[in-house]
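Student: Structure in structure tokens, see below.
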């Protein structure tokens, strides 16, 4: 358990964090005039693999990816300093992810857990995702056990609190969300060697949440913003998703889907990549119906091809769509 000011001869390899993946002995210190090749750290290869996966999985998000690489570099350098016996306070890794729905926050949390594990910062490369309902009780004495159960499940890994601002409801004096925040404040400090907490939610609401809880904000070292995707990025995401599912757009369908996105992005409840995936699922439904109604044998090309008719069947192209109709 971390104590402010306490020294730890090997903060990333302590009993709480577990042994580093490369099993380098902490007592084999380098001489002051030695040179250390950072590429020899086996964990660095695992980290680079994880970062490459992140690049492959997520279109855009240049600022997010740059911040993740900075965090990786910080921990790699921290490991290098340990080889020379240089002591420093264990870096705090609690984070805040702010952005709209479908902007990749959960995916980045998963890759962050893998990266922190590879570097020996946490014991397990796992993310335990919770919302208010998983933490806040309905009566006196119910909240603390629920919150501590969630913390126990996340121990050694990452606790991802989605829509974290719902924990704070100042309009309700009898709400138990504040009790959750108080428990988190204590655990984030006392168990920082065994737990990373990531708060996630919409930017404006998260700003209000942290402003009302300055003690919580001060324990979050990394605030990362996830911007909405541009139209071009969403088209690229659609192409990536289609290929991953062994489908393809024909040329008219590619143009039709770009047209679809122009309209859908202006509609209520647009959720970035999530809305793209939902739209593609509906395209597959319309493709399936179209192929069945052909009443003839189908080829492999038939089965993998999405046409413009599969796209233009969406309700966003009707003259009078219902309010907020997503597809």
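The values are calculated or read from the model by the stated rules, or taken from the named source; none is laboratory data. This is a predicted model, so every value here is computed, not measured. Cβ: placed from backbone, ideal geometry, glycine included. Neighbour counts: every protein chain shown.
Student: Could you tell me how many of the residues in the range 303-322 are at pLDDT 95 or above, touching a helix residue (DSSP H, G or I) at 6+ places or on another chain (Cβ under 6 Å) and assigned to a helix (DSSP H, G or I)?
Tutor: 4
Student: Could you please find all residues in the range 267-301 being closer than 18 Å to residue 237 by Cα and not in a helix (DSSP H, G or I)? Break it down into steps so the answer makes sense when it comes.
Tutor: Of the residues in the range 267-301, the ones closer than 18 Å to residue 237 by Cα are 270-284.
Matches in the range 267-301: 270, 271, 272.
Student: I would also like to ask the following. Could you list all residues from the range 114-133 that are touching a strand residue (DSSP E or B) at 6+ places or on another chain (Cβ under 9 Å) and within 12 Å of residue 177 (Cβ to Cβ)?
Tutor: 131, 132
Student: Within the group 152, 200, which residue is modelled with pLDDT under 95 and in the same structural domain as residue 121 (by TED's automatic domain parsing)?
Tutor: Matching residue, one of 152, 200: 152.
Student: Return the residues of the range 37-55 that are at pLDDT below 80 and touching a helix residue (DSSP H, G or I) at 6+ places or on another chain (Cβ under 8 Å); say none if nothing qualifies.
Tutor: 38, 41, 43, 44
Student: Within the range 238-254, is there a residue that is over 22 Å from residue 57 (Cβ atoms), modelled with pLDDT of 95 or more and either in contact with a helix residue (DSSP H, G or I) (Cβ under 7 Å, 6 or more places away or on another chain) or in the same structural domain as residue 105 (by TED's automatic domain parsing) (or both)?
Tutor: To start, the set of residues in the range 238-254 that are over 22 Å from residue 57 (Cβ atoms) comprises 250-253.
Filter once more, keeping what is modelled with pLDDT of 95 or more: 250-253.
Those left that are additionally either in contact with a helix residue (DSSP H, G or I) (Cβ under 7 Å, 6 or more places away or on another chain) or in the same structural domain as residue 105 (by TED's automatic domain parsing) (or both): 252-253.
Checked against the condition, which is being over 22 Å from residue 57 (Cβ atoms), modelled with pLDDT of 95 or more and either in contact with a helix residue (DSSP H, G or I) (Cβ under 7 Å, 6 or more places away or on another chain) or in the same structural domain as residue 105 (by TED's automatic domain parsing) (or both), the range 238-254 yields at least one hit.
Student: Need at least 3 residues that are over 20 Å from the mean Cα position of the chain (by Cα) and buried (at least 21 other Cβ atoms within 10 Å of the Cβ) per element, so show me which helices (runs of 4 or more DSSP H) inside the range 106-199 make the cut, counting only ones lying wholly within it.
Tutor: On the way: elements: 132-135, 143-154, 177-190.
Here the list is empty.
Student: Let me ask you something else. Considering only the range 56-71, state which residues are in a helix (DSSP H, G or I), at pLDDT 90 or above and touching a helix residue (DSSP H, G or I) at 6+ places or on another chain (Cβ under 7 Å).
Tutor: Looking only at the range 56-71, we keep the residues that are in a helix (DSSP H, G or I), and these are 56-57, 62-71.
Now restrict to residues that are at pLDDT 90 or above: 62-71.
Of everything in the range 56-71, those that are in a helix (DSSP H, G or I), at pLDDT 90 or above and touching a helix residue (DSSP H, G or I) at 6+ places or on another chain (Cβ under 7 Å) turn out to be 64, 65, 68, 69.
Student: Among the numbered criteria (1) within 24 Å of residue 65 (Cβ to Cβ); (2) surrounded by fewer than 18 Cβ atoms within 10 Å (Cβ to Cβ); (3) in contact with a strand residue (DSSP E or B) (Cβ under 6 Å, 6 or more places away or on another chain), which single criterion is violated by residue 236?
Tutor: (3)
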